[in-house]
Amino acid sequence: MAGDLESPATRRSVRWAAALLWLLMACGGSEVSDTTTTVIDVPTTAQTEMAAAPFDLQGHRGARGLKPENTLPGFEVALDLAVTTLELDLHRSADGEVVVWHDPVISADKCTAGEGPDPQSASEAELRVVALEAAVLRTYRCALNPDPERFPDQDPAPTPLAGDDYGIVTLGELFEFVERYAADPAKSESQRANAATVMFNVETKRVPGDPGTIGDEFDGVTPGAFETALVAAVDEAGVGDRVVYQSFDHRSLWAIATLVPDATLAPLTRRNDRFDSAIVSRGATIWSPDHRALSEAVVAEAHDAGLLVIPWTVNEVADAERLIGWGVDGLITDRPDLITGPAS
């Protein structure tokens, strides 16, 4: 029997069972949505594996399929859905603050006017995040849906804790919000407990071909002002053990590792990028590829190299089922509700 448990097929079924069991537990015992309900006899071995390596459900930019991206209401909804990790993007403001935003500019399809240049009329140069101070960025209301066909269920209604606060926040403000959520008596006991331990997958939005995106004269090796400020914000919040650093610009990750030798690093790769086990020697412990680049064999290769595999951005239940069947260690998704079911 021991030999059977070591077979690839059994490991896949155990991982699939473990993932489903974790997702059910994350919902406080509630049933998952009709689109994902699967009757499965979860073996004791699956429970053991789950305890050793919990399945990591990451809310992409909060919960972009349900609320405007990288906003406090979006992160609140993701926490309501019991994600284990909040995935988010980081830029640098004109005054050196680390701010939570994806794009290099404040665009008219996502934001309405604040105290800075008007997205409807100002130039792209005027609207670059790096050209605006954090206090000004905070005044924009970024509650528009730039892609309603792709995200028809996204809505900008206020949430119970964040309210109508759709401004661009600093990373420190996000940490403070999650701490406030964890102490909010209006949230369930399980939601508060989850928020107290939720992970933060923070993506540095450096672009190798456009150093002006961050604008701190990064030389590609030595940590720039951006990496230094990011690590300082994490240290100030006391959440270093709950942070994963990810980036498409892997140089940013290697630079962070010089500041935090035990940092958890997750290189991102695109659809046409091949798996490169060399990232392990640079300190990476997670690999986050475009899910369309994966096959069962590639997942196994990455595992053999010692990496966890957490692909992005998985928004279809069928894709999630296939990837979990291949043994991935988590999923980054715009729609965590499609996997966990509605918030309990």
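The values are calculated or read from the model by the stated rules, or taken from the named source; none is laboratory data. Predicted model only: the values in this text are computed from it and were never measured. Every residue, glycine among them, receives a Cβ derived from its backbone with ideal geometry; neighbour counts consider all protein chains shown. Just so you know, the surface numbers come from the protein's heavy atoms only, side chains and all, with ligands and any DNA or RNA stripped out. Shrake-Rupley method; radii C 1.70, N 1.55, O 1.52, S 1.80 Å.
Values as computed for the structure displayed
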| read-out | value |
| --- | --- |
| Whole-number accessible area per residue in Å² for region 147-268, which is evaluated in the context of all protein chains at 1.4 Å | 45 |
| Largest-first ellipsoid semi-axes for region 247-344, taking √(5λ) over the Cα gyration tensor eigenvalues, angstrom | 25, 16, 11 |
| Carbon/sulfur fraction of accessible area - region 184-251, other protein chains in place, 1.4 Å, % | 54 |
| Proximal lysines relative to Lys187, as straight alpha-carbon distance under 26 Å, when same-chain residues fewer than 8 apart are discounted | Lys67 |
| Longest to shortest principal axis, alpha-carbon extents of region 234-287, angstrom | 38, 19, 15 |
| Per-residue ³J(HN,Hα) for region 174-187, Karplus 6.51 cos²θ - 1.76 cosθ + 1.60, θ = phi - 60°, Hz, x for Gly and Pro | 5, 4, 5, 5, 5, 5, 5, 4, 5, 10, 7, x, 6, 8 |
| Protection-proxy order for peptides 121-128, 328-335, 109-116, each taking the mean of Cβ atoms within 10 Å per residue, highest first | 328-335, 109-116, 121-128 |
| Taking region 74-155 and dividing mean pair separation by its residue count, relative contact order in percent (alpha carbons under 8 Å, at least six apart) | 27 |
| Euclidean distance between Cα centres, region 133-168 to region 89-108, Å | 15 |
| Carbon plus sulfur fraction of accessible area for region 52-165, probe 1.4 Å, in percent | 50 |
| Global size of region 196-269 as Cα Rg and Dmax, reported in angstrom | 11.8, 38 |
